[in-house]
Amino acid sequence: MSMRHRPFGSGHPYAATEDQRVPARPLDGESVELRVRASASVESVVCEWAVDGDAPVELPLGRRNPEAGAEPQASAPAESGAGTASGAEAEPAADGGSGAAVDGGHLAAAQARAARAAAGSWAVRTPVLEAGRRYSYRFRAGLAGGGSRTSRWFEVSAASWSGDGGKLDVQGADRLVPGSVRWLADADGVLRVRFDVALRPEEHVVGFGERFDAVDQRGRDGARLDAVVFEQYKAQGRHGRTYLPMPFALVVGGEASWGLHVATSRRTWYDVGDRLRVEAEVGRDGVLGVRFHDGPEPADVLSAFLDEVGRPAELPSWVFRLWASGNEWNTQERVMAEMDRHREHGIPVGALVIEAWSDETTFTAFRGAAYEASEEPHRLADYTFPADGPWPDAKGMVDELHERDIKVLLWQIPLQKMRPHPRHQAAVDARQLVERGYGVREADGRPYRNRGWWFPLALMPDLSSQQVRDWWTAKRRYLVEEVGIDGFKTDGGEHAWGHDLRYADGRDGAEGNNLFPVHYARAFGDLLRACGKAPVTFSRAGFAGSQPHGAFWAGDEDSTWEAFRSSVKAGITASACGIVYWGWDLAGFSGEVPGAELYLRAAGAAAFMPIMQYHSEFNHHRTPIRDRTPWNVADRTGDERVIPVFRRLVEVRERLVPYLAEQARKAVGGGAPLMRGLFFDHPHDPDVWRYPLQYKLGDALLVAPVTEPDISEISVYLPEGKWIDVWTGRPLAGGQEVRLPAPLDRPPVLCAAEHWARLSPVFAL
């Protein structure tokens with residue numbers, strides 16, 4: 001490489017890179033910064049800048065200092081153009097863009113490599129651009145020792161807002177503010193639309209997918225949301241980013257509830273103040289669908305939305321038992337030892353997620369297994385498992401776990417690794433993917449190579465194609481049919497970057513990237529169904545349309561009280577968009593082992609959520625280990641309460657499973673979500689909004705998680721009705737705030753009085 005310029009950079013939605021145009025889509029009256037990455041042999045760079053085909057003028061570039069940090073940009077364009085389609089917050093690019101910061105977690109090495117790769121670049125500021133004119137430019141690099149290299153020509157035009165240019169296809173009660181519709185277009189056509197939706201003063205706005213920053217998005221000064229699938233590794237609540245966005249808002253608190261669905265898989269933005277301002281990318285046809293759904297109740301609105309995007313599918317009751325996982329459980333011996341510890345301590349476990357099982361070049365073969373590479377999918381008989389290997393008897397292990405009433409899920413990544421250079425079966429798979437055209441493609445037809453810092457340059461199967469889904473999952477079929485695997489952790493669905501990628505279903509990246517995790521979970525769900533199993537997938541990424549495809553967890557988080565609170569918000573908001581089976585890595589999965597209080601408070605909340613799961617990240621097998629097992633937390637903290645309290649919570653959870661299965665069935669059938677904010681059942685009670693972390697679990701239970709340290713009692717709001725403290729049997733009248741004791745082994749939970757007779761045995765001491 002002598003020099004490289006990509007007008008849209010890596011496609012990272014929140015940061016500019018050192019080789020792009022900033023902003024990538026300028027507005028009328030803006031100038032742009034043109035950045036070029038150049039090799040050490042380049043001594044000078046000149047930009048030839050031409051307007052409307054006239055003779056170009058030369059603009060000399062100067063060296064940039066990447067240590068200065070990323071270009072500050074907003075997440076959506078304003079009238080002034082202080083941010084555009086390429087723009088983002090002032091944060092370093094995860095793919096090694098300007099000033100890339102390095103996190104201390106398990107991906108630190110990958111981030112560090114990306115940061116080193118973001119060497120200095122050259123840049124120049126152009127003259128101001130005017131709407132209606134076309135600009136072209138190219139770069140000429142002067143090389144050390146003489147000679148030069150010239151790039152191809154690039155084109156750009158300035159966009160401007162006006163009152164026409166496209167069409168809004170509005171269905172349902174039209175709540176658009178008259179005169180608010182504006183269209184953004186450049187010389188090639190319409191790019192975006194912006195419009196306002198009227199809100200009443202008493203109305204609250206929930207939704208937009210899984211959100212970690214707030215339950216009610218109304219009136220949060222300066223807060224702007226967007227809907228783009230993104231891997232925000234930790235601190236999602238502070239960044240306002242999410243793996244699981246949706247262009248759907250539920251509005252509650254007025255005379256009747258209603259909802260807004262921006263019917264697109266392209267990127268959208270939302271500013272929720274006195275009115276709801278929506279901005280959306282549109283295709284070149286300039287048409288955007290807008291759907292308004294009317295209540296009267298929140299559950300009615302949600303049901304109408306699910307009629308559009310797909311209804312959840314019922315999963316078996318075992319998903320409501322405790323899930324156990326640790327990234328460093330990388331041998332059969334270690335897995336069985338941890339399950340033995342569960343048995344020794346009398347802590348029931350219902351599902352085991354094995355992350356570190358595969359060779360991690362194919363994600364189809366157990367690490368250490370011997371086999372011949374093949375063009376056709378393998379069967380179990382094709383593998384030899386050495387007695388001294390990490391997995392000497394994979395099927396025997398799964399059979400024994402099944403005898404213990406433990407289901408088994410295996411980790412997956414939807415990428416074909418290309419670093420190091422693939423060999424053996426990985427080379428066969430990579431060749432098939434390329435030669436058969438089974439990968440997501442760049443705009444020029446080349447196979448897309450992952451632009452992020454996790455599995456960099458990996459190939460990505462195009463799972464929008466049924467043929468590719470069948471090919472990809474056929475390689476894993478023996479795991480279900482013969483080994484007996486019960487489900488898959490469908491991790492890492494966030495790696496499609498770039499507006500101009502090409503998918504087999506005809507979509508480009510701008511329209512198709514958000515749908516990739518939907519196709520991914522669907523592919524593995526279909527595999528499980530075809531093998532006679534329930535479609536239990538466990539994903540962190542998704543979009544509108546993910547609702548029918550398995551269970552979800554809230555992604556990567558630190559073991560902090562802040563992350564605990566953020567995760568509760570995530571569960572409430574995800575459910576408001578129709579996600580029924582949801583959980584989180586209780587007490588966080590990253591960093592130092594949580595203190596006993598945080599761990600048990602988190603376990604107490606998770607025992608009353610749809611999915612109860614613990615997990616820990618990879619820590620390079622350093623000691624002391626960071627497993628989130630109750631015995632390791634007890635050992636690391638020296639707190640004798642951890643194991644007995646955790647055991648008691650899981651025992652309650654076991655007795656709760658029939659109720660959870662019953663209530664999930666109601667939710668799947670069109671009722672209110674399983675885990676839901678109090679506003680679902682009490683939309684006209686303004687006091688429920690003062691307690692945003694309280695939620696219902698089914699029709700009967702009200703949960704008030706303790707999310708602050710050093711708490712012995714907690715204020716709980718009881719909506720109208722009659723309630724029972726499940727631990728004491730004490731009756732309480734609704735419509736008031738009460739103070740409840742909150743010991744570690746008795747998280748504050750209330751039961752609606754009409755359900756107490758049948759549920760009281762669940763809470764018997």
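A compact table of results
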item	result
Near pairs, Cβ below 7 angstrom, 6+ apart or cross-chain, from the range 640-657 (assigned by TED's automatic domain parsing to the domain that holds Ala602) to any residue that is crowded, with 21+ Cβ neighbours inside 10 Å and not hydrophobic (A, V, I, L, M, F, W, C)	Val642/Tyr599; Val642/Pro630; Ile643/Pro630; Phe646/Pro630; Leu649/Gly604; Glu654/Arg321; Val657/Arg321
Any hit, the range 549-570, residues being in contact with an Asp or Glu (Cβ under 7 Å, 6 or more places away or on another chain), farther than 29 Å from Arg628 by Cβ, in contact (Cβ under 8 Å) with a residue 12 or more places away in the chain and part of a loop (DSSP other than H, G, I, E, B)	no
Residue list for the range 271-324, filter: in the same structural domain as Phe195 (by TED's automatic domain parsing), of a type in the set (A, V, I, L, M, F, W, C) and part of a strand (DSSP E or B)	Val272, Leu276, Val278, Ala280, Val287, Leu288, Val290, Phe292
Count of residues meeting criterion [more than 16 Å from Arg449 (Cβ to Cβ) and either out of contact with any helix residue (DSSP H, G or I) (no Cβ under 6 Å at 6 or more places or on another chain) or not assigned by TED's automatic domain parsing to the domain that holds Trp553 (or both)] in the range 490-515	11
Residue in the range 435-443 that is out of contact with any helix residue (DSSP H, G or I) (no Cβ under 8 Å at 6 or more places or on another chain), part of a strand (DSSP E or B) and either surrounded by fewer than 21 Cβ atoms within 10 Å (Cβ to Cβ) or not assigned by TED's automatic domain parsing to the domain that holds Trp497 (or both) present	yes
Residue check, Arg676 in a loop (DSSP other than H, G, I, E, B), at pLDDT 95 or above and within 25 Å of the chain's Cα centre (by Cα)	no
Meets criteria (assigned by TED's automatic domain parsing to the domain that holds Asp627, surrounded by fewer than 16 Cβ atoms within 10 Å (Cβ to Cβ) and assigned to a loop (DSSP other than H, G, I, E, B)) for Glu328	no
Failed item, numbered, when Gly525 is tested on (1) over 21 Å from Pro548 (Cβ atoms); (2) buried (at least 21 other Cβ atoms within 10 Å of the Cβ)	(1)
Test: Asp500 is buried (at least 17 other Cβ atoms within 10 Å of the Cβ), within 30 Å of Ala15 (Cβ to Cβ) and among the acidic types (Asp, Glu)	no
Matching residues, the range 334-385, being within 30 Å of Glu651 (Cα to Cα) and free of Cβ contacts under 8 Å to residues at least 24 places away in the same chain	Arg334, Ala337, Asp340, His342, Glu344
Failed item in (1) surrounded by fewer than 23 Cβ atoms within 10 Å (Cβ to Cβ); (2) farther than 16 Å from Phe543 by Cβ, with Val251 passing the rest	(1)
Some residue of the range 210-218 being within 13 Å of Arg277 (Cβ to Cβ), assigned to a strand (DSSP E or B) and among the charged types (D, E, K, R)	no
Members of the range 392-419 that are farther than 20 Å from Pro461 by Cβ and within 31 Å of the chain's Cα centre (by Cα)	Ala394, Val398, Leu401, His402, Asp405, Ile406, Lys407, Val408, Leu409
Checklist (1) more than 28 Å from Glu255 (Cα to Cα); (2) in contact with a His (Cβ under 9 Å, 6 or more places away or on another chain) applied to Arg653, failing item	(2)
Only listed residue being modelled with pLDDT of 95 or more, among the hydrophobic types (A, V, I, L, M, F, W, C) and in contact with a helix residue (DSSP H, G or I) (Cβ under 6 Å, 6 or more places away or on another chain), chosen from Val568, Val518, Val580	Val580
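The values are calculated or read from the model by the stated rules, or taken from the named source; none is laboratory data. Because the structure is a prediction, the values reported are computed rather than measured. All Cβ positions, glycine included, derive from the backbone under ideal geometry; neighbour counts span all protein chains shown.
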